[in-house]
Amino acid sequence: MENNNDNSHDDNDDDDVDADDQSRQRERRKPLLVASCNQLESFHEDVQYLWTPPCGGNTIPVQVYDEPPSSFNFLRNHVSVSRPCIIRNSILVHNDHDDDGSSTRNWNDVVVPLQMTLDDLVQQFPDNNKNDDNDNDESSSLPSPLPLLTVDVTPDGHGDCLRNVVVPSSTKTKEVTRKVFVKPLEREMTLSTFRRHLRRGRHKQQQRQQQQRGGRGTMKNKNTIISNRVFLEGEEEVTTTTEDDQQDTNFLDDSVLYYSRQNDCLREELSPLWNAKVKSQFSLPSSDNDYNDNNSSCRRNYVFPRSFPWAEEAFSGQPPQTNTTGTTTHASTRGPDACNIWIGDERVVSSMHKDYYENLFYVLSGEKVFHLCPPSDVPFLYEQEFMSGRFQHQVLQDEDDGDDGDNRNDDSNTNNNKGKSTRPRRTRSRPPRWTVALDRDEEEEDQDAGVTTTSTAASSNDEHENESRSNNNKKYSKVHWIAADPFGNDDQDDDSEEDQEEKKSLYPLSKYAHPMTVKVKAGELLYLPSLWFHRVTQTCETIGINYWYDMNFESPMYCYFHLLQQLQTTKQNNNKNNNNNTDCD
């Protein structure tokens, strides 16, 4: 009895400790900072005055410069206050379209903004040097061919975005449909092959639109609706194809292609393009756009500037220095962290996201469309954690339509009158099926195949955490992405009032965001400050290059942004345990 009583007291003590822990956890989850609707509206107006002033008519919502500003003005008016702008004449080249060979022309008459189309690239960099029979002098003058491009392939042009995917649940017999961050399928191909499939796909889509239009008036040129599409989970596959694979050719023609490596591809993967030089007699003053590697010449030798001194000095905060010879040099010679090139058409959409880089984006041809939201909108865009995966395509076997000749008594369809049809069975080609291969957690990728890992999902109270593991205890990786995209509803016009109300109820704070649209034409450069949310598309076949400079994390701006981001995360975690929120929580 004594022992039993002691045990009962111990049990009661344990219950008291558990109750205290639960009480403390509830206290931690209580919001300490609360904003009313009036306060949010006041904050909305302050941000609008600072970053997104209203503009009427066709007024561009950002400042436009006809030439690069000084580093001081750029720092004061844009970098320090995180304000975008458009800069013209930032990359100048000689206008050789009407070149008469004269070297006495005035500089003001011969320089124009750099422009370059996809046809220019293919012409300048052929897939391979096919003139093997030519003499060595002629073949040596040919440019180095570009390596194979790693191209993004999607069913509708939306890459790196949220999709509806049927994912495994913690229950072995149950599957659920969840939002998953899906990356594009990647395929290697030559530059000319990429151009061929890009344009064929665009032409086929235009033909389908004309057939659907059927003479019943104009049809809006918009992207394929993706919000209602549901994709199945599939295992990751390695697909080997060749240029002569007709089925693969049809598959690529029915898909949307986009070149966007985002890994310093212009300087690394496409180094022959990055190192292309201008004609020596027409090289430009390096002080306008660039500084040379050895600073021994007053001319810029490369088509693409190595950096932009007026911008880099503003980003680094270091003024120009004077050397012992009295020549002004640039103290900041590190250059950008990455230089990328982007090639696609109007079907391609990059979903809303942010970058931890100062971004200088130059349009070589076509027109880019940037849909922007300032960093202060982070609480209103519902950045959340999602499972991640990548598109795969599964080649299905041709279907047998079952028609092997219904009239088996017809002598023309039988073999030796035994009732066996000799007419070939007709088959129907089945298009490849798009599936999504979920990303495995890196820790489990290192383990041997077939080894079962320890899972804590069964004891977790978070339903989504449970679903991040499959039936076989596989753990999948997650990423943070924007759930409420003010520009991302491509099917918004087709939504019923009930659907639109449901979206508003899911993301009630999105009405306080500050969306604005900036169009950047060929020959223009957009300065997009770090942490600005942006959704990007284009109005036609477009090529752009961008220079990424690392942002300054030791700044009040980043501290302020990080606080808002954490407040948002705290609110989302609270919503999982408390559904009784007011409209302005």
(request) Using the number of other C-beta atoms within 10 angstrom as an exposure proxy, rank Met387, Met352 with the fewest first. (result) Met387, Met352
(request) Work out, step by step, the length gained on full extension between Glu385 and Gln246: first 0.36 nm times the residue separation, then minus their alpha carbon distance; give nm to one decimal. (result) 46.1 nm
(request) Fewest Cβ neighbours within 10 Å first, please rank Val165, Val47, Val34, Val153 accordingly. (result) Val34, Val47, Val153, Val165
(message) Between Asp337 and Lys204, how high is the FRET efficiency from 1/(1 + (r/R0)^6) when r is the Cβ-Cβ distance and R₀ = 41 Å? Nearest 0.05.
(response) 0.60
(request) May I ask which of Lys204/Lys478; Lys354/Lys475; Lys179/Lys204; Lys354/Lys521 have a Cα-Cα span longer than 32 Å here? (result) Lys204/Lys478
(request) In nm, give the distance between the simple-model label positions of Arg88 and Asp441, each being 7 Å from the Cα along the Cα-to-Cβ direction. (result) 5.5
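Just want the ordering: Tyr558, Tyr476, Tyr356, from fewest to most Cβ atoms lying within 10 Å of their own Cβ.
Values: Tyr558 16, Tyr476 20, Tyr356 12.
In increasing order of surrounding Cβ atoms, one gets Tyr356, Tyr558, Tyr476.
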(message) Given Cβ point charges of +1 (Lys, Arg) and -1 (Asp, Glu) and nothing else, what value in debye, to the nearest 20, does the dipole of region 499-560 about its Cα centre take?
(response) 200
(request) Calculate, for Phe72 and Ser42, the FRET efficiency according to 1/(1 + (r/R0)^6) with r their C-beta to C-beta distance and R0 41 Å; round to the nearest 0.05. (result) 0.80
(message) Which one, Gln205, His158, Thr177, is farthest towards the positive end of the dipole of region 142-206 when Lys and Arg carry +1 and Asp and Glu -1 on their Cβ?
(response) Gln205
(request) May I ask you to derive the FRET efficiency for Gln212 and Asp264 from their Cβ-Cβ distance with R0 = 25 Å, giving the value to the nearest 0.05? (result) 0.05
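Throughout, read-outs are computed from the coordinates displayed, never taken from laboratory work. Everything quoted here is computed from the prediction, not taken from an experiment. Cβ atoms come from the backbone with ideal geometry, glycine included; neighbour counts cover every protein chain shown.
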